[in-house]
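Working notes for the structure below.
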Amino acid sequence: MAHKFFTLNEANEMIIFVKNAIQQLQQIKREFSEKRLQLGELERREAETGHDSETDDLTFLLECRMDFLQMEAQMQVNLLTQKGVVLRSIEQGLVDFPGMKDGEAIFWCWKEGEVEITHFHGWNEGFSGRQLISDFMVDYNG
């Protein structure tokens, strides 16, 4: 599949969409973790007290909710991917937007909390290779 290449302006225009998706994914992840802990507690209780129908019902409901959360998370990831955004970390709210700079493929790099994209890095570099977009790059449009 060919990559979509964003200009810096196009990538910045996606920030609100990306920010919303990241926040939803973070909430889903928190809820999933809570449900996983609840499920573990039910399993421990069942091991201690034995099998009962109330525990079965609660286990079923938790497993259904977890399945739904997984589907919801996958939908959010798919939406980002379909738009051409590369999700790097849900926890950090870190995404990359494929772009071009001086004929070279790069990633415009954005992290949750940043107002706009201020960094980029090479195609084979990660977050640690981020470079500040210099003043002449701020007006760069691809």
- Item | Packing-based exposure ordering (other Cβ within 10 Å, fewest first) of H3, H119, H51 | H51, H3, H119
- FRET E, pair E116, Q74, Förster distance 22 Å, beta-carbon r, rounded to 0.05: 0.20
- With Rh as the Kirkwood radius over Cα pairs, the chain has Rg/Rh of 1.18
- Note on the structure: Of all lysine pairs in the chain that are eight or more residues apart or on different chains, those with Cα atoms under 16 Å apart total 5
- Cα lying deepest toward the dipole's positive end in the chain, options V18, F127, G40, charges on Cβ: F127
- Item | Projected-area average for the range 42-85 over all orientations - Cα convex hull basis, square nanometres | 3.4
- Task: Order these peptides, 121-134, 11-24, by their mean beta-carbon neighbour count within 10 angstrom, highest first.
- Result: 11-24, 121-134
- So how do 36-46, 94-104 stack up, highest first, on mean other-Cβ count within 10 Å? 94-104, 36-46
- Note on the structure: Fewest to most Cβ atoms within 10 Å: V86, V115 sort as V115, V86
- Query: Could you give the dipole magnitude of the range 1-140 about its Cα centre, charging the beta-carbon of Lys and Arg +1 and that of Asp and Glu -1, in debye to the nearest 20?
  - Reply: 440
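Provide the packing ranking of 71-78, 105-112, i.e. peptides ordered by the mean count of other C-beta atoms within 10 Å per residue, highest first.
105-112, 71-78
Read-outs throughout are calculated quantities, based only on the coordinates presented, and are distinct from any laboratory measurement. No experiment lies behind these values; they were computed from the predicted model shown. For neighbour counting, all protein chains shown are included, and Cβ atoms are generated from backbone atoms with ideal geometry for every residue, glycine included.
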